[in-house]
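Accompanying notes for the structure given below.
The values are calculated or read from the model by the stated rules, or taken from the named source; none is laboratory data. The shown structure was predicted, so the numbers you read here are calculated from the model rather than taken from an experiment. Quick reminder, even Gly has a Cβ in these numbers, built from the backbone with ideal geometry, and neighbours come from all protein chains shown. Only protein heavy atoms, including side chains, enter the accessible area calculation; ligands, DNA and RNA are left aside. Shrake-Rupley method; radii C 1.70, N 1.55, O 1.52, S 1.80 Å.
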Amino acid sequence: MSIQSFVDYLSLEKKYADHTITAYQKDLEVFQNYLLDEFSDDNLTDISYSQIRTWIIQLVDEGNSNRTINRKISSLNSYYKFLIKIGDLKHSPLAKHKALKVQKKVHIPFSEEEINAVLNSAATHDFEALRNKLIVELLYSTGIRRSELINLKINDVDLVQQQIKVLGKRNKERYIPLISTVQETLKLYLEMRNTLKHIVATDFLFLTQKGAKTYGTLVYRVINTYFSEASSKVKKSPHILRHSFATHLLSHGADLNAVKELLGHSSLAATQVYTHNNISELKKVYENSHPRQTKI
């Protein structure tokens, strides 16, 4: 079975994003080339776990992190599960494989004060400044992903119903309400956007100064630039704003299931990572308030 059949399956049936499919394909092709170099055979289906293990050892020797190696092996694992599903393979060579241990990433959210400082000082005197403020405001007030923001279209914005429609992972749609401050910024942005004569006919909401669709590095640069002045945190990215959105909602009493739906998560486990800050706060309250706690 060719890698292309698996790629088609990921695209047509699983509805994976293009960049995800490309990563899977690259991992499989790299492993296939490794088999050819080391064992003079690039047949992915007729291999043993020991062959995969020698590849893992080589990846470690090359300086790859455990997280990167786990991702590559996950690509292989998905491929073999696909082969079993269509009947081309009975048993996966990775059936007894255990993932390498990785240190959990801790995303430190921006504080409410830091976000307010950015939004209160953000300029709106021209199209680019207004667009940048809206990018920050929309990411924080809705918790959408960078890719979801980039792909928003004008008709996804419903100011009458005070909500936006977001196309998430695997083409799953969800609706997110808009708070009043974002609605006002959106109105101003759309009005200014309509006055730009050089903009080509496009449905995308966020545009560059030249009228083209925005792109990932631009959004990242906007967030990093704005928060470099307001925050000393090492990591400043669109994902930290998504993390801040979830953390702040939960700290103000939002239901975990509601936050899960707003974020577009498929399971509660993915949402629960945002509760670690709340646990820290609860520990402080507990230690300071419990009558049996020893006072120092």
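When restricted to residues that are charged (D, E, K, R) and under 19 Å from Ile240 (Cα atoms), the stretch 94-124 contains 5.
Yes or no: Asp61 out of contact with any Lys or Arg (no Cβ under 6 Å at 6 or more places or on another chain), open to solvent by 60 Å² or more (accessible area, probe 1.4 Å) and at pLDDT below 90? Against the criterion (out of contact with any Lys or Arg (no Cβ under 6 Å at 6 or more places or on another chain), open to solvent by 60 Å² or more (accessible area, probe 1.4 Å) and at pLDDT below 90), Asp61 does not qualify. Is the stretch 77-87 home to any residue that is over 30 Å from Tyr215 (Cβ atoms), open to solvent by 70 Å² or more (accessible area, probe 1.4 Å) and in contact (Cβ under 8 Å) with a residue 40 or more places away in the chain? Checked the stretch 77-87: at least one residue is over 30 Å from Tyr215 (Cβ atoms), open to solvent by 70 Å² or more (accessible area, probe 1.4 Å) and in contact (Cβ under 8 Å) with a residue 40 or more places away in the chain.
Per-residue answers, yes or no, for (1) at pLDDT below 85; (2) on the phi < 0 side of the Ramachandran plot; (3) open to solvent by 30 Å² or more (accessible area, probe 1.4 Å); (4) hydrophobic (A, V, I, L, M, F, W, C):
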| site | (1), (2), (3), (4) |
| --- | --- |
| Val222 | no, yes, no, yes |
| Glu229 | yes, yes, yes, no |
| His239 | no, yes, yes, no |
| His243 | no, yes, no, no |
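Arg131 meets all of the listed conditions (1) surrounded by fewer than 21 Cβ atoms within 10 Å (Cβ to Cβ); (2) in contact with a strand residue (DSSP E or B) (Cβ under 8 Å, 6 or more places away or on another chain); (3) among the basic types (Lys, Arg) but one, namely (1). Give the stretch 245-256 a look and list any residue that's touching a residue at least 12 places away in the same chain (Cβ under 8 Å) and exposed (fewer than 12 other Cβ atoms within 10 Å of the Cβ), or say none. Matches in the stretch 245-256: none.
Confirm whether Ile69 is open to solvent by less than 30 Å² (accessible area, probe 1.4 Å), closer than 14 Å to Lys96 by Cα and either out of contact with any Phe, Trp or Tyr (no Cβ under 7 Å at 6 or more places or on another chain) or not hydroxyl-bearing (Ser, Thr, Tyr) (or both). The answer is no for Ile69. Tell me, please, whether a residue that is touching a Lys or Arg at 6+ places or on another chain (Cβ under 9 Å), within 19 Å of Ile240 (Cα to Cα), assigned to a helix (DSSP H, G or I) and among the basic types (Lys, Arg) can be found in the stretch 177-195. No, the stretch 177-195 contains no residue that is touching a Lys or Arg at 6+ places or on another chain (Cβ under 9 Å), within 19 Å of Ile240 (Cα to Cα), assigned to a helix (DSSP H, G or I) and among the basic types (Lys, Arg).
Please return the ranges of helices (runs of 4 or more DSSP H) entirely within the stretch 87-169 where 3 or more residues are of a type in the set (A, V, I, L, M, F, W, C), under 28 Å from Asp18 (Cα atoms) and modelled with pLDDT of 95 or more.
Values: elements: 112-121, 127-142, 146-150.
The helices (runs of 4 or more DSSP H) meeting that bar are 127-142.
Just for the stretch 92-110: of the residues that are without any contact (Cβ under 8 Å) to a residue 40 or more places away in the chain and more than 17 Å from Arg53 (Cα to Cα), which one is surrounded by the fewest Cβ atoms within 10 Å (Cβ to Cβ)? Of everything passing the filter in the stretch 92-110, Lys104 is surrounded by the fewest Cβ atoms within 10 Å (Cβ to Cβ). In the condition set (1) closer than 19 Å to Leu35 by Cα; (2) under 26 Å from the mean Cα position of the chain (by Cα); (3) assigned to a helix (DSSP H, G or I), Asn64 is compliant with all but (3).
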